[in-house]
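Participant: Take a look at this one; I'll ask things after.
The values are calculated or read from the model by the stated rules, or taken from the named source; none is laboratory data. No experiment lies behind these values; they were computed from the predicted model shown. Heads up, the Cβs are rebuilt from the backbone with ideal geometry, glycines too, and the neighbour counts pull from every protein chain shown. The accessibility values were calculated without ligands, DNA or RNA, using every heavy atom of the protein model including side chains. Shrake-Rupley method; radii C 1.70, N 1.55, O 1.52, S 1.80 Å.
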Amino acid sequence: MRIIVCVKPVPDPKHWNRLQLDPKTRTLVRKGIPGTINPLDRHALEAALTLREQEGGEVLVVSMAPEDSQPVLKEALAMGADRAVLLSDRVFAGSDTLGTAYVLSVGIERLGEFDLILCGDETIDGGTAQVSAQLAEFLGTPNVMHVSGLEVSPGKPWLARSQIEHGYTLVEIEPPMVLSVVKTINTPRYVTLMNILEAEQKPIEVWSANDVTLSEPWAGLAGSPTQMADLFAPERKGMAEMITGDPKEQAAKLADRLHRLGFC
Amino acid sequence: MSDQVESKIWVFVEQRRHVVAEVGLELLGKARSLAEPLQWKVAAVLVGHELDALAEMVLSFGVDEALVADDALLEHYCNQAYVKAVEGAIRQYEPQALLLGATAMGTDFAPRLAARLRTGLSAHCIDLDLTPDGQLLSLVPGWGGNVMARISCPKTRPQVATVLPGVFPVPEPGRARGRMVSLNPQLQPEDLGYRVVETKREEAPKSGLETAEVVVAGGWGVGSKADWTRVEELAAALNGAVGATRPPVDEGWAEEKQMIGQSGRTVRPRLYIGLGISGHMHHLVGVKSSELSVAINSDPKAAIFEHCHVGLVGDLKEIVPPLVEAIKQYSQQEPG
Ligand SMILES: Cc1cc2nc3c(=O)[nH]c(=O)nc-3n(C[C@H](O)[C@H](O)[C@H](O)COP(=O)(O)OP(=O)(O)OC[C@H]3O[C@@H](n4cnc5c(N)ncnc54)[C@H](O)[C@@H]3O)c2cc1C
Ligand SMILES: Nc1ncnc2c1ncn2[C@@H]1O[C@H](COP(=O)(O)O)[C@@H](O)[C@H]1O
């Protein structure tokens, strides 16, 4: 079985308090914030590794990111992926989700046939939750999002469980397919020192725009249909009316107000 | 009946088993107010099977057209079939904008459709604007709510956006004046892509949060599972429901169904009290429509004080107990 996992390097959320908005350029300053695998993509990778253990085959990791993201791909290899491909080119920079899905799709086309592509449902930085479905559209395969369970039995259609509001849908689906997972699907494994050493031997290939066939214009900032018109810190409505005093006085004043409004 | 569709803004009104998702109605209201200055018409798009009654219902929300894609193969939601059912109509009638709820269905259907049409899509919007020249500007929270982005889609049409549920109010229904147009989807079984085996509603006991008049929500600042009783006591004193931000849910102090915000529930109480909550957009989108909001937080610079009506700077462990006592005394004075 050939499984591809799409992994996005994101700035580590543990350090987001250091994120700054440059008021002049209106861009996020993320200098010095270390990268990590998008948290849900670890669950996608875990699902792939479990399936490989069960069915045999290989797990490939694909990422579109700047070249300095290689340590993040090493993390994925240390978790157990066999091989990683980093799609990296200035032409790809600034892609919106259509552009990202398009670039990933041409990279995956070069990788050849696959049974399953696994993605996270959404990323924590952009958080659009759009790439997996758009990737499936470019590749012409079916896709299921919000996947919290997967049952694979050889020779039969697979069963994917997709979370919806207040419940779930169970669907029968045949490979090749794209699935994007939610975090309840599994618990990602820990990486040992041994795994990290092993990962050193595993290949990371870096592919530029010249290594893939871009027949459509959607890649990069120039090709992306959406644009960021503005970026700003959340609107401040102005300060609340403050109730002051020592804690007892504050409590009494608030209770009095709630009483006058009929809440007690 | 002429089948020429004139609406420039289309709203996908999601239904499962003939029950519509409220966000679809919320968007009908918003679409009408966006369209008015430009004198654009607004359509509701319904996809499914045996939808006549729903078409009547959406028309009562003042839309000009109800565009109905009705086919037995559309009975259960399947993204590829849904895309095929509306793609042709979009190419033919060229709407300027298409709005969908950011639900499980909307977040799956919208990206596939937008990719098929090779157009732009903005996700999880919390506000929408339409410029006089017809550009849709969507407000999108990013980075855990630390920043807001305004997204435009200057070159391609339609401009597509998914909008978080509960951001806009549900409009009042009135007299229907629009008409129904059948989209005639013409699907084959091969168009489905996958087969729905079953759809189960899990007995997620209603938390009562969505309809509660009073919501007391606790955040990370509550401190521990033992201290969580403070949140519950205050809620009980006010006959209210207990809500939470994400950290208390992750820690197991509160249950998943109590989470309020982007990934949780949206509440519309008359009174919201936030205890030990910093005020991330992810949480605040879920409490935006509270009539009166009160926050207790020990950090005077907490963002929540910028978004609520009444603020108390202090330790909730010191303020909540006397507050509960005082409320109980008032309630005893005037029973019932
Ligand atoms: C994609 C995504 C979706 C998300 N969806 C949601 C969602 O739906 N709902 C949600 O809630 N979160 C959501 N989050 C998480 C969200 O970004 C915030 O992390 C979360 O809302 C913060 O919760 P908090 O305010 O309780 O905690 P914190 O931000 O840690 O704030 C705790 C506050 O308590 C105060 N405090 C501490 N001690 C005391 C005391 N003794 N007395 C009074 N005050 C005290 C502190 O000053 C601080 O302001 C989401 C995140 C992501 C990335
Ligand atoms: N640049 C990228 N490289 C590889 N995979 C990505 C990239 N962006 C998004 N993905 C995948 O798509 C999923 C959803 O991302 P998003 O639509 O950006 O929220 C992620 O969890 C990843 O699996």
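Participant: For segment A:65-103, how many residues meet the condition of being open to solvent by less than 10 Å² (accessible area, probe 1.4 Å), of a type in the set (A, V, I, L, M, F, W, C) and closer than 29 Å to residue B:160 by Cβ?
Facilitator: Here the count works out to 5.
Participant: Looking only at residues that are outside any loop (DSSP other than H, G, I, E, B) and at pLDDT 95 or above in segment A:200-238, which one is most open to solvent (accessible area, probe 1.4 Å)?
Facilitator: Filtering segment A:200-238 for residues outside any loop (DSSP other than H, G, I, E, B) gives A:204-207, A:209-211, A:220-223, A:227-232.
Within this subset, residues satisfying the condition of being at pLDDT 95 or above are A:204-207, A:209-211.
Values: A:204: 37, A:205: 59, A:206: 54, A:207: 13, A:209: 18, A:210: 143, A:211: 60 Å².
Going through the qualifying residues, I end up with A:210.
Participant: Also, I was wondering about something else. Which count do you get for residues in segment A:77-105 that are in a helix (DSSP H, G or I) and either touching an Asp or Glu at 6+ places or on another chain (Cβ under 6 Å) or within 14 Å of chain B (Cβ to nearest Cβ) (or both)?
Facilitator: Within segment A:77-105, the first condition is being in a helix (DSSP H, G or I), and the residues that meet it are A:77-79, A:90-92, A:97-105.
Restricting the remaining residues to those that are either touching an Asp or Glu at 6+ places or on another chain (Cβ under 6 Å) or within 14 Å of chain B (Cβ to nearest Cβ) (or both) gives A:97-105.
The qualifying residues number 9.
Participant: Pick out the one residue from A:199, A:233, A:229 that is facing chain B (nearest Cβ under 10 Å), small (Gly, Ala, Ser) and in contact with a Lys or Arg (Cβ under 6 Å, 6 or more places away or on another chain). Steps first, answer last, please.
Facilitator: On the way: A:199 fails: facing chain B (nearest Cβ under 10 Å); A:233 fails: in contact with a Lys or Arg (Cβ under 6 Å, 6 or more places away or on another chain).
Step by step, each of A:199, A:233, A:229 is checked, and only A:229 is facing chain B (nearest Cβ under 10 Å), small (Gly, Ala, Ser) and in contact with a Lys or Arg (Cβ under 6 Å, 6 or more places away or on another chain).
Participant: Determine which member of the set B:294, B:313 is without any contact (Cβ under 8 Å) to a residue 60 or more places away in the chain, away from ligand 1 (no atom under 12 Å from the Cβ) and among the hydrophobic types (A, V, I, L, M, F, W, C). Full working, then the answer.
Facilitator: Numbers: B:313 fails: away from ligand 1 (no atom under 12 Å from the Cβ).
Answer to the selection: B:294.
Participant: Assigned to a helix (DSSP H, G or I) and either at the interface with chain B (Cβ under 7 Å from one of its Cβ atoms) or at positive phi (or both): which single residue out of A:172, A:137 fits that description?
Facilitator: A:137
Participant: Specify the residue that is surrounded by the fewest Cβ atoms within 10 Å (Cβ to Cβ); the eligible residues are those in segment B:253-266 that are more than 9 Å from ligand 1 (Cβ to nearest atom) and at pLDDT 90 or above.
Facilitator: The residue in question is B:255.
Participant: Restricting to segment A:141-152, give me the number of residues that are within 10 Å of chain B (Cβ to nearest Cβ) and either away from ligand 2 (no atom under 13 Å from the Cβ) or of a type in the set (Val, Ile, Thr) (or both).
Facilitator: Total satisfying the criteria: 3.
Participant: Quickly run through segment A:14-46 and pick out the residues that are within 13 Å of another protein chain (Cβ to nearest Cβ) and of a type in the set (Lys, Arg).
Facilitator: Those that are within 13 Å of another protein chain (Cβ to nearest Cβ) and of a type in the set (Lys, Arg): A:14, A:18, A:26, A:30.
Participant: Residue check: is residue B:243 in contact with a Leu (Cβ under 6 Å, 6 or more places away or on another chain), under 21 Å from residue B:281 (Cα atoms) and within 14 Å of ligand 1 (Cβ to nearest atom)? Can you show your working first?
Facilitator: Working: in contact with a Leu (Cβ under 6 Å, 6 or more places away or on another chain): yes; under 21 Å from residue B:281 (Cα atoms): yes; within 14 Å of ligand 1 (Cβ to nearest atom): yes.
Spelling it out, residue B:243 is indeed in contact with a Leu (Cβ under 6 Å, 6 or more places away or on another chain), under 21 Å from residue B:281 (Cα atoms) and within 14 Å of ligand 1 (Cβ to nearest atom).
Participant: Name the single residue, out of those in segment B:138-185 being open to solvent by 40 Å² or more (accessible area, probe 1.4 Å) and at the interface with chain A (Cβ under 8 Å from one of its Cβ atoms), that is nearest to the chain's Cα centre (by Cα).
Facilitator: Across segment B:138-185, the extreme among qualifying residues is B:150.
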